[in-house]
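This report concerns only the one structure given below.
The values are calculated or read from the model by the stated rules, or taken from the named source; none is laboratory data. Quick caveat, the model's predicted, so the values are computed rather than measured. Here Cβ is always computed from backbone atoms with ideal geometry, including for glycine, and neighbour counts include all displayed protein chains. Note: areas computed on protein heavy atoms with side chains; ligands, DNA, RNA excluded. Shrake-Rupley method; radii C 1.70, N 1.55, O 1.52, S 1.80 Å.
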Amino acid sequence: MSNDDDRLHAIIAESMRNARTNEALQADVQYRPSEWTPEMEAALVQKLHGSEAERIDKLIAEQNEWARRS
């Protein structure tokens with residue numbers, strides 16, 4: 001039983017440590033995901049899928065190809 005008590009005392013002591021010295025909390029803050037802005041999202045969409053006109057052209061071409069095969 002004393003092993004369990006020692007473990008629980010260690011867990012409680014660790015939880016009471018100052019957040020600035022607790023490495024686990026620092027890592028949580030350091031690697032926290034950042035907020036996406038609309039500009040960041042637009043840049044990603046542009047990079048991955050092209051402009052709106054290019055996406056529409058691609059959809060039309062895919063639809064035409066599907067209709068031709070049907």
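Observations, loosely collected:
- Rolling a 1.4 Å probe over the protein heavy atoms of the chain, with every protein chain left in place, gives an accessible area that is 57 percent carbon and sulfur.
- The residue list 31, 11, 42 was ranked by how far each Cα lies along the charge dipole of the chain toward its positive end, using unit charges on Cβ atoms, and 42 comes out on top.
- Split the chain at each of the trypsin sites (Lys or Arg not before Pro) in a DSSP loop with at most 12 other beta carbon atoms within 10 Å, and the longest piece is 21-70.
- Only Lys, Arg (+1) and Asp, Glu (-1) charged, at Cβ; the chain dipole about Cα centre in debye: 280 debye
- Per residue, the chain exposes 97 Å² of accessible surface when a 1.4 Å probe is rolled over the protein heavy atoms with every protein chain present.
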